[in-house]
1. From the phi of every residue in region 120-130, what ³J(HN,Hα) in whole Hz does the Karplus formula 6.51 cos²θ - 1.76 cosθ + 1.60 yield, where θ is phi - 60° and glycine or proline is x?
2. P(r) for region 237-384, please, calculated from all Cα pair distances in 5 Å bins and given in %.
3. What is the set of long-range amide H partners of Met157 at a cut-off below 5 Å, with H atoms built 1.01 Å from backbone N?
4. Please compute the Cα-Cα pair-distance distribution of the chain with 20 Å bins starting at 0, giving whole percents from short to long.
5. From the phi angles alone, apply the Karplus equation (6.51, -1.76, 1.60; θ = phi - 60°) to region 353-369 and give each ³J(HN,Hα) in whole Hz, x where the residue is Gly or Pro.
6. Using unit Cβ charges (K, R positive; D, E negative) and no other charged atoms, how large, in debye to the nearest 20, is the dipole of the chain about its Cα centre?
7. Stokes-Einstein D for region 300-366 at 10 °C, 1.306 mPa s, Kirkwood Rh over Cα pairs, in µm²/s?
8. Provide the FRET efficiency to the nearest 0.05 for the Lys267-Thr179 pair, computing r from the beta carbons and using R0 = 35 Å.
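Read the figures in this text as sums done on the coordinates, not as results from a lab. Model, not experiment: these values are computed from the prediction. Quick reminder, even Gly has a Cβ in these numbers, built from the backbone with ideal geometry, and neighbours come from all protein chains shown.
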Amino acid sequence: MPRDDVAKGEARSQILTTVRDWVQKEVEPLSMKYERDNIYPQELIDQMAAMGLFGMNVPEEYGGLDLDYTTFAMVFEEVAKGWMAVTGPLGTHHIMTYIVRNYGTEEQKRRFLPRMARGEMRCGLGLTEPNAGTDNQAMTTVARRDGEEYVVNGTKMFITNGMNGHAVALLAKTNPNATPPHRGISCFIAEKGAGFSVGRELDKLGYRGVDTVELIFQDYRCPADNLVGGVEGQGFRQVMSALEAGRINIAARAVGVATAAFERAVKYAQQRKTFGRPIGEHQAVQLMLADMYTKLQAARLLTYDAARKKDSGERVDMETGMAKLYASEVCAQIAMDAMRIHGGYGYIKDLPLERYYRDAPLMIIGEGTNEILRTVIARQLLQRYKV
Ligand SMILES: Cc1cc2nc3c(=O)[nH]c(=O)nc-3n(C[C@H](O)[C@H](O)[C@H](O)COP(=O)(O)OP(=O)(O)OC[C@H]3O[C@@H](n4cnc5c(N)ncnc54)[C@H](O)[C@@H]3O)c2cc1C
């Protein structure tokens, strides 16, 4: 193996050991209570910042770890095994670091990336609106240039990290009449300040403990220097590329939750006895375990494959889409099967099985619903196999 690859492999195993130990010591003991009582895990956020995790995809020259996407996925998987919600503030933050890193001006990179990498400036993605989710080009938030500032008006919906974070990658129309509409959409680094307020905090089925809120912009004045890349009309392209990488983190979260559910199920199947033998010796339970693990391994391999291709600089909208689609669907199935294997105990809040079951659907919905992703995958297939 080339020396560089050995060094990379060692760095990966070191970071994964650190994260795994931290999840066992700090995340798992808090997860049940904090999730039940919907408590924001500030101490875990601070600990992730101390480990440098908010700078996972920030280049070293700006103070980050600059991990490859395979390691990035593995970190998300480990954290999600302990408590999926904790990956939320981390994942959404990385959408914005991705945008600044790849599309920001040099001045923007120097001004924001070091604070972002240290976790002092934690970020979100301000894309979805009350009436524009999948159809996000239908957004109505507008940014009008006024001298050295833009004046922003509009409402964003479902924004993770919107309350406890410090800034969002804000998508707004600088030209509401552009055709097609995406040519009029721009991306801003919007730091909290006058005119930027948090509306309703949304109560959720799962993914509890972390904030998902409505954000209201009312004559919010954003410095023109915070327009990403300094060019209008590029925001849609910038965010779509970031979401492509974001789907790796969603797929990895799904693999993490599914792994936790499977591992509990396979152990329980050897401990719980019915009719004088462990339930794992009943063929019906064996069939479930075999299917669960086969799907889990397939999801993991799709996720690592997408990450590896992203690392090699290939176009990966189809691969990240397939990984996110498959991993999230099987995560929901595995969470359900793990609950079945636990019988009545799986349904009771003493164990995290019912939490896995409630957390799983978010991965089906977030960062592009699985329905729209299927259309993206199909479009690529039709191109690749064009007759
Ligand atoms: C907990 C949570 C956290 C979130 N965090 C963020 C965040 O941090 N930042 C952010 O910007 N957004 C965030 N979102 C928003 C999320 O990305 C959207 O909910 C998602 O994109 C779907 O949009 P929608 O809810 O408006 O559903 P809609 O777009 O209204 O879709 C409704 C249904 O119609 C289907 N559908 C729509 N159009 C098509 C089509 N063309 N073909 C086939 N099916 C279609 C969808 O798949 C879905 O089943 C979050 C959502 C949740 C629930």
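1. Result, ordered by residue: 7, 10, 9, 10, x, 10, x, 10, 5, 10, x Hz.
2. Bins of 5 Å from zero give 2, 11, 19, 19, 16, 11, 9, 7, 4, 2, 1, 0, 0 percent of pairs.
3. Under 5 Å from the amide H of Met157: Thr128, Glu129, Leu215.
4. 28, 57, 14, 1
5. Result, rounded to whole Hz: 4, 5, 5, 4, 5, 7, 6, 4, x, 4, 5, 6, 8, x, 6, x, 5.
6. In debye, rounded to 20, the chain gives about 860.
7. On the way: Rh = 13.1 Å.
Roughly 121 µm²/s, to the nearest whole number.
8. With a Förster radius of 35 Å, E is 0.05.
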